[in-house]
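Novice: Quick one: the structure is below, questions incoming.
Derivation of every value follows stated rules applied to the coordinates shown; laboratory data play no part. Bear in mind the structure is a predicted one, so any value in this text is a computation, not a measurement.
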Amino acid sequence: IGVNRNKTETETMPKAEKGTPKDIANRMKSKGLQKLKFYCQMCSKQCRDENGFKCHLTSESHMRSMKLFCSNSSGMLDSFSAEFETTYLDTLYRRHRTKKCNANNIYQEMIQDKHHMH
């Protein structure tokens with residue numbers, strides 16, 4: 001005889017206790033886009049915390065990306081540099097035109113985009 005283990009409406013997963021790392025992670029996740037403190041440029045992967053980032057660095061997908069990078073590092077770096085330069089000059093042109101401005105201010109505008117390259 002089989003037992004049906006499907007959850008009913010009255011059975012729910014217990015919520016994480018307030019203040020625990022699980023609770024904090026759930027609240028951060030519900031807010032959507034977070035600050036890019038832990039971001040892997042090679043894999044375009046954002047991690048919520050240091051532990052998640054460390055796990056990502058040892059993952060098989062990251063190792064594959066790093067092998068590809070090692071086989072063509074100069075080409076990929078040139079590509080990253082060209083993309084950065086194009087984005088920087090485009091930001092400069094679109095937002096500031098002929099106004100005098102601080103280069104770091106333009107850089108700060110650029111890095112607000114989740115998919116920026118630097």
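Novice: Short version: ³J(HN,Hα) in whole Hz for each residue of segment 102-113, in order, from phi by Karplus 6.51 cos²θ - 1.76 cosθ + 1.60 (θ = phi - 60°), x for Gly and Pro, what are they?
Specialist: 7, 4, 5, 5, 5, 4, 4, 5, 4, 6, 6, 6
Novice: Same structure, new question: Can you tell me how much longer the chain between Met66 and Asp113 gets when fully stretched, taken as 0.36 nm per residue apart minus their C-alpha distance, in nm with one decimal?
Specialist: Taking Met66 through Asp113 to full extension adds about 14.5 nm, to one decimal.
Novice: Determine ³J(HN,Hα), in whole Hz, for all residues of segment 58-71 in sequence, where each value follows from phi through the Karplus function 6.51 cos²θ - 1.76 cosθ + 1.60 and θ = phi - 60°; x replaces Gly and Pro.
Specialist: The phi angles translate into 9, 6, 5, 5, 5, 4, 4, 4, 5, 5, 4, 4, 4, 6 Hz.
Novice: OK, next. At 0.36 nm per residue, minus the direct Cα-Cα distance, what do Lys100 and Lys15 gain on full extension? Give it in nm, one decimal, please.
Specialist: This chain segment gains 25.3 nm when fully extended.
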